[in-house]
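The block underneath contains the structure these notes are about, expressed in structure tokens.
The values are calculated or read from the model by the stated rules, or taken from the named source; none is laboratory data. For clarity, every value in this text was computed on a predicted model and none was experimentally measured. As a convention, Cβ positions derive from the backbone with ideal geometry for all residues, glycine included, and neighbour counts pool all protein chains shown. Each accessible area value is taken on the protein alone, full model and side chains, heavy atoms only, with ligands, DNA and RNA left out. Shrake-Rupley method; radii C 1.70, N 1.55, O 1.52, S 1.80 Å.
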Number of protein chains: 10
Amino acid sequence: MLFHVTMDVDIPRDLDTGARAELVAREKAYCQDLQRQGRWVHIWRVVGKYSNVSVFDVGSTDELHDVLWNLPLFPFMTVTVTALCPHPSAL
Amino acid sequence: MLFHVTMDVDIPRDLDTGARAELVAREKAYCQDLQRQGRWVHIWRVVGKYSNVSVFDVGSTDELHDVLWNLPLFPFMTVTVTALCPHPSAL
Amino acid sequence: MLFHVTMDVDIPRDLDTGARAELVAREKAYCQDLQRQGRWVHIWRVVGKYSNVSVFDVGSTDELHDVLWNLPLFPFMTVTVTALCPHPSAL
Amino acid sequence: MLFHVTMDVDIPRDLDTGARAELVAREKAYCQDLQRQGRWVHIWRVVGKYSNVSVFDVGSTDELHDVLWNLPLFPFMTVTVTALCPHPSAL
Amino acid sequence: MLFHVTMDVDIPRDLDTGARAELVAREKAYCQDLQRQGRWVHIWRVVGKYSNVSVFDVGSTDELHDVLWNLPLFPFMTVTVTALCPHPSAL
Amino acid sequence: MLFHVTMDVDIPRDLDTGARAELVAREKAYCQDLQRQGRWVHIWRVVGKYSNVSVFDVGSTDELHDVLWNLPLFPFMTVTVTALCPHPSAL
Amino acid sequence: MLFHVTMDVDIPRDLDTGARAELVAREKAYCQDLQRQGRWVHIWRVVGKYSNVSVFDVGSTDELHDVLWNLPLFPFMTVTVTALCPHPSAL
Amino acid sequence: MLFHVTMDVDIPRDLDTGARAELVAREKAYCQDLQRQGRWVHIWRVVGKYSNVSVFDVGSTDELHDVLWNLPLFPFMTVTVTALCPHPSAL
Amino acid sequence: MLFHVTMDVDIPRDLDTGARAELVAREKAYCQDLQRQGRWVHIWRVVGKYSNVSVFDVGSTDELHDVLWNLPLFPFMTVTVTALCPHPSAL
Amino acid sequence: MLFHVTMDVDIPRDLDTGARAELVAREKAYCQDLQRQGRWVHIWRVVGKYSNVSVFDVGSTDELHDVLWNLPLFPFMTVTVTALCPHPSAL
């Protein structure tokens with residue numbers, strides 16, 4: 001079941017450089033782990049923004065919330081979820 | 001080069017049933033032709049809306065405009081384009 | 001799996017009275033049928049609006065779209081879908 | 001008498017971890033107490049947000065304000081209230 | 001129990017002059033009847049708009065919806081309801 | 001001459017508890033003084049918000065601005081003013 | 001007492017050319033009459049819009065509403081009123 | 001003196017095909033004439049929209065309004081004007 | 001050439017009282033100097049806001065930007081500029 | 001390939017004066033370097049704002065993101081990107 005998710009990131013300036021780097025590294029590892037599991041099926045950067053557009057393939061809304069809530073950058077993100085379904089014109 | 005496109009469709013009620021069916025059929029054929037060419041790479045239905053979220057892979061902004069402008073349903077669509085680029089965490 | 005859905009209804013004035021009554025009756029029957037099936041679990045009227053707030057329990061986003069798309073009043077509704085999941089404080 | 005309430009939570013980062021944990025625990029106890037009293041009749045998490053959608057059953061608007069104003073997390077919430085009434089199609 | 005209600009009126013131009021006058025007269029009678037009953041406690045015109053700001057005193061949200069839904073001009077109004085309660089500084 | 005005024009209050013967290021209590025007490029006294037003078041004719045709490053909806057009866061816009069500007073909580077308020085006039089249906 | 005008023009005009013296309021010309025002429029005469037009376041103290045065109053920004057000097061909100069409600073183009077305008085008062089830096 | 005102008009075009013469906021073609025042709029001629037005069041210095045199509053982004057070089061706001069008001073498609077456009085000035089980093 | 005300008009002021013609370021007073025005094029002197037030069041032709045206070053509505057008469061957009069950019073309170077203002085021109089109904 | 005970009009700048013007040021000056025100087029050098037390369041083809045100041053409107057000519061969306069992401073002021077900017085293409089009326 002697919003969901004379209006946008007994530008707008010805004011890391012506070014007063015976060016220590018080391019803490020920030022560690023957070024961003026954990027986010028990347030977490031993201032790539034979910035990609036390998038086939039649950040985070042697409043991630044693109046929005047040009048000119050610290051934002052991404054993603055598509056998740058999950059078994060339930062509960063699973064999706066769990067995945068998003070545990071994003072290392074979640075406290076610094078605005079997340080928007082849109083439910084998708086197959087389009088009748090899709091091949 | 002990827003672009004994220006949303007299309008919200010609003011076909012006027014006073015359009016003749018036959019004209020509407022013919023238009024929707026042409027839209028589907030046009031869409032599937034572009035999918036086969038690898039230019040319309042994703043199309044999903046937004047749940048509860050007469051809308052889709054799509055991703056196009058085109059060589060230029062000019063080519064993208066040409067593709068969108070010629071959508072049979074274009075006169076009845078609100079189209080929103082967002083430029084994408086590869087995300088550093090994408091595998 | 002639960003989804004929160006709002007439906008704002010705007011039936012065109014020029015719809016024939018009989019057609020309107022028939023449409024509203026079909027909407028009611030359709031809604032009550034889904035309630036009996038346990039898929040449309042809550043429906044409330046918003047005070048002062050021709051709108052409702054509903055909660056659906058469905059197996060997939062695809063099933064939800066199918067239910068909404070086939071609402072007799074769908075062509076005259078603005079539908080907004082929000083994915084829900086259990087709240088950790090819920091008993 | 002039913003009211004639809006959304007609560008968007010934004011706890012300041014500079015709140016001490018202990019104070020935060022204590023606040024969240026008090027919120028949970030307060031919420032569950034009201035559920036047991038039959039006044040907080042539904043609470044769902046919004047997927048991808050630190051937000052909930054709730055339905056309250058209270059005897060008056062005054063009682064509802066009192067309940068909301070005394071939420072331990074109230075100072076860190078944006079609360080939106082919508083008056084509901086029975087829907088003619090509800091079984 | 002008090003509710004703040006705004007009503008923005010937009011009567012279609014193509015409504016017959018007689019029908020319009022009759023509708024506006026019925027609205028006025030309906031409004032004054034509710035004022036006499038003590039349920040429509042305040043009504044003010046918004047300067048420069050075909051809108052009013054009103055305060056209703058009703059026993060329930062259900063009663064309020066019934067009052068609003070039966071306004072003769074309801075089909076041509078955008079109605080917005082806000083729940084009120086006594087202010088601690090009010091004398 | 002009547003004006004509809006909404007006041008949304010947001011007192012900064014870092015304000016000292018004593019200063020805050022003193023400010024809120026001064027606001028209440030100021031408000032009640034204006035009520036006794038017949039200039040602040042209505043004040044209601046908006047359910048679920050640190051906001052009020054008020055109606056002022058003043059001799060001029062200049063007088064209204066003076067009253068609002070001197071509210072002890074003015075620096076922490078968003079104030080919205082709407083000019084009112086008698087409604088032709090008011091009894 | 002001064003009020004800032006914006007008027008956005010949108011005359012329906014299906015209005016007969018003669019009726020339109022007559023309406024616009026009456027609007028102009030009405031406007032100039034109020035200017036001569038010193039009640040419509042400023043009127044400027046907004047560049048690129050069928051809109052104006054105006055300042056009225058009236059004795060009451062009731063008088064202002066009366067002036068605006070009787071604008072020949074009022075049924076085709078969106079009017080926005082903002083109460084003004086003298087600025088402490090004005091000479 | 002430069003102004004940034006966006007034009008969103010929405011030609012009504014019920015305009016006769018010939019009238020539409022004639023209007024679009026006049027718009028093009030008008031636009032190119034102003035380009036040749038050096039007053040309409042840039043015009044770009046917005047991808048996926050019946051809109052353009054333009055830059056005008058005019059001697060006054062009055063001149064700009066005159067140019068825009070006389071666009072053959074002006075009655076079917078939403079025009080937005082932003083005043084520009086030289087940027088200190090421009091070469 | 002006239003421009004309509006709104007200025008919404010938000011001076012940070014942590015600005016030292018003396019610095020604030022000095023800034024406000026400089027703003028007033030700057031404003032009155034421009035009024036004397038005939039360039040800041042109108043300034044009104046918006047009732048209930050720390051905002052003003054102004055009209056400037058300048059020779060160019062460049063001159064206007066220079067005037068606004070050098071306002072002592074500019075760093076704490078949100079400034080909105082609208083180009084004006086003579087209205088055909090103005091006397 | 002052209003893109004329209006707006007940049008709204010908001011440098012935090014607590015940034016050290018020297019750091020700020022150095023940042024602004026680097027931004028200017030970076031901007032002028034890109035102008036010399038023919039990639040940042042237009043930059044205008046928006047009157048009354050710490051904002052610019054720009055046009056970039058780049059080979060891909062990826063290149064554009066790289067250019068924007070590396071702006072020295074990027075962490076303090078809100079950037080909005082709109083894809084452009086040639087207009088059929090452009091000479």
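What the table shows:
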read-out	value
Qualifying residue in segment D:30-37 (condition: within 10 Å of the chain's Cα centre (by Cα) and either of a type in the set (Ser, Thr, Tyr) or farther than 30 Å from E:Val55 by Cβ (or both))	yes
Failed item in (1) in contact with a helix residue (DSSP H, G or I) (Cβ under 6 Å, 6 or more places away or on another chain); (2) under 19 Å from C:Cys85 (Cα atoms); (3) of a type in the set (A, V, I, L, M); (4) open to solvent by 20 Å² or more (accessible area, probe 1.4 Å), with D:Met1 passing the rest	(2)
Any hit, segment F:37-53, residues being without any contact (Cβ under 8 Å) to a residue 24 or more places away in the chain, exposed (fewer than 13 other Cβ atoms within 10 Å of the Cβ) and within 14 Å of chain E (Cβ to nearest Cβ)	yes
Scan of segment I:70-91 for residues that are of a type in the set (S, T, N, Q) and either within 16 Å of I:Cys31 (Cβ to Cβ) or in contact (Cβ under 8 Å) with a residue 40 or more places away in the chain (or both), ordered by number	I:Asn70, I:Thr78, I:Thr80, I:Thr82
Sole residue being crowded, with 19+ Cβ neighbours inside 10 Å and more than 7 Å from every other protein chain (Cβ to nearest Cβ), chosen from H:Leu84, H:Leu23, H:Leu71, H:Leu64	H:Leu71
Positions within segment H:26-36 being touching a residue at least 12 places away in the same chain (Cβ under 8 Å) and within 11 Å of chain J (Cβ to nearest Cβ), in sequence order	H:Glu27, H:Tyr30, H:Cys31, H:Leu34
Qualifying residue in segment F:18-27 (condition: in a helix (DSSP H, G or I), under 26 Å from E:Thr82 (Cα atoms) and modelled with pLDDT of 95 or more)	yes
Qualifying position, being within 21 Å of F:Ser51 (Cα to Cα) and among the β-branched types (Val, Ile, Thr), among E:Val79, E:Val67	E:Val79
Residues of segment E:4-14 classified as surrounded by fewer than 19 Cβ atoms within 10 Å (Cβ to Cβ) and at pLDDT 95 or above, total	5
Some residue of segment D:7-24 being more than 23 Å from E:Glu63 (Cα to Cα), touching a residue at least 40 places away in the same chain (Cβ under 8 Å) and of a type in the set (Ser, Thr, Tyr)	no
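Okay, residues lined up against (1) touching a Pro at 6+ places or on another chain (Cβ under 7 Å); (2) under 18 Å from C:Trp44 (Cα atoms):
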residue: D:Asp16; (1), (2): no, no
residue: D:Tyr30; (1), (2): yes, no
residue: D:Trp40; (1), (2): no, yes
residue: D:Arg45; (1), (2): yes, no
residue: D:Asp57; (1), (2): no, yes
residue: D:Leu73; (1), (2): no, no
